[in-house]
Each structure stands twice: as structure tokens, then as C-alpha cells.
Amino acid sequence: MYKELSSGIKISITRSISTSFETYLASIGWDDERFSMEDFIASWQTYFQENAAWIEKIPADTLMSAQFHEEMAKKIDEVIAKILNEEPTTQQTETIEALQKELGTNYSYDCKAEAAYIEQLLKEKQK
């Protein structure tokens, strides 16, 4: 069912998962111990209901289908894995290291999205 959606809708779904996942992780300070898949799913549902036009383009019978829900769960897992496995850029690493040296901090980060969060956090502390 998911595979039958237009590429534009699939891209929009992926983007909504990515955006809401990164927003959710920022809201918990990227703290693994505070992570709850249930809370993330709830925040994603709120996000797409309030911000995503794609939800209105999918037929109601598809949205209610157990098969569609299974396929969406797989897509969510894929998007999360991609985010968590994307290496920080050299630029991010250099910027974060310089900021940490200046501010006397020692934050760790494992992926590009977390590095973006840490970089923003450090820039806020710098102000």
C-alpha cells in the first residue's frame, strides 16, 4: 500500500518523520534514557495532523489498513536508522570542537542530526 503512493507523498511522509524525530529528540535533549517510541509516535502524529498535507491525499481505507500501519512502522524504523547512522560533517565537527574549547564543554554526539543540535546548543551558550 505504501509503495503504491506517489513519490511526492512518500517524500512528504519521510520528511515529516525526519522533522518530527529530530524535533522530538531536541525536546528531550537527545537523552537516550528519556526516549520513548510511544512519545515520539504521538509527537509525529500531532506534527502530521497539524502540518502535513499528505495525510489528506491518502484514502481513508488505506489509512485505516493494518497493512499500511505495518508498512509505516517499517518506514519509521528506516528513517530513524538513516538519521542515527549519518555521520557528522567535517564542518560540524570542527565548529563543535572550536565552540567546546571556547566554552569549556565536552558534549558528545554520534550523528549529523545530533551534531546539529549540539552546535545550536553551543551557539546559544556562546551568546
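What number, in percent, do you get for the relative contact order of the chain if the mean sequence gap of Cα pairs under 8 Å and at least 6 apart is divided by its residue count? Before the final figure, lay out each step's value.
Values: 89 pairs, mean separation 32.5, N = 127.
Computed value for the chain: 26 percent relative contact order.
In this model, which of K82/K125; K74/K112; K3/K57 are farther than 25 Å apart at the alpha-carbon? Please report the intermediate quantities before stating the final value.
On the way: K82/K125 29 Å; K74/K112 22 Å; K3/K57 14 Å.
In this structure, K82/K125 exceed 25 Å between Cα atoms.
Determine which residues of the stretch 14-37 fall in the zone a paramagnetic label at I55 would reach in this model, i.e. backbone nitrogen under 18 Å from the point 7 Å along Cα→Cβ.
Under 18 Å, as judged by backbone N against the label point of I55, lie 14-24 of the stretch 14-37.
When the accessible area of the chain is split by element with a 1.4 Å probe, what percent falls to carbon and sulfur?
The value for the chain is 49 percent carbon and sulfur by accessible area.
Which label marks the calculated value of Rg and Dmax of the Cα atoms in Å, given the options [x] 18.0, 58; [y] 14.7, 51; [z] 17.2, 56?
Calculated Rg and Dmax of the Cα atoms in Å: the matching label is [z].
Ignoring everything except DSSP H segments at least 4 long, calculate the 222 nm mean residue ellipticity for the chain; use -39,500 (n - 2.57) per segment, divide by total residues, nearest 500.
Working: 6 runs with 89 residues, N = 127.
So the calculated ellipticity at 222 nm is -23000 deg cm²/dmol.
Run the reach check for K101 against aspartates and glutamates, Cα to Cα strictly under 14 Å, same-chain hits fewer than 8 apart removed. What comes back?
Here the aspartates and glutamates satisfying the reach criterion relative to K101 are E119.
The values are calculated or read from the model by the stated rules, or taken from the named source; none is laboratory data. These numbers come from a predicted model, not from an experiment. Positions of Cβ are generated from backbone atoms using ideal geometry, with glycine treated the same way; all protein chains shown enter the neighbour counts. Each accessible area value is taken on the protein alone, full model and side chains, heavy atoms only, with ligands, DNA and RNA left out. Shrake-Rupley method; radii C 1.70, N 1.55, O 1.52, S 1.80 Å.
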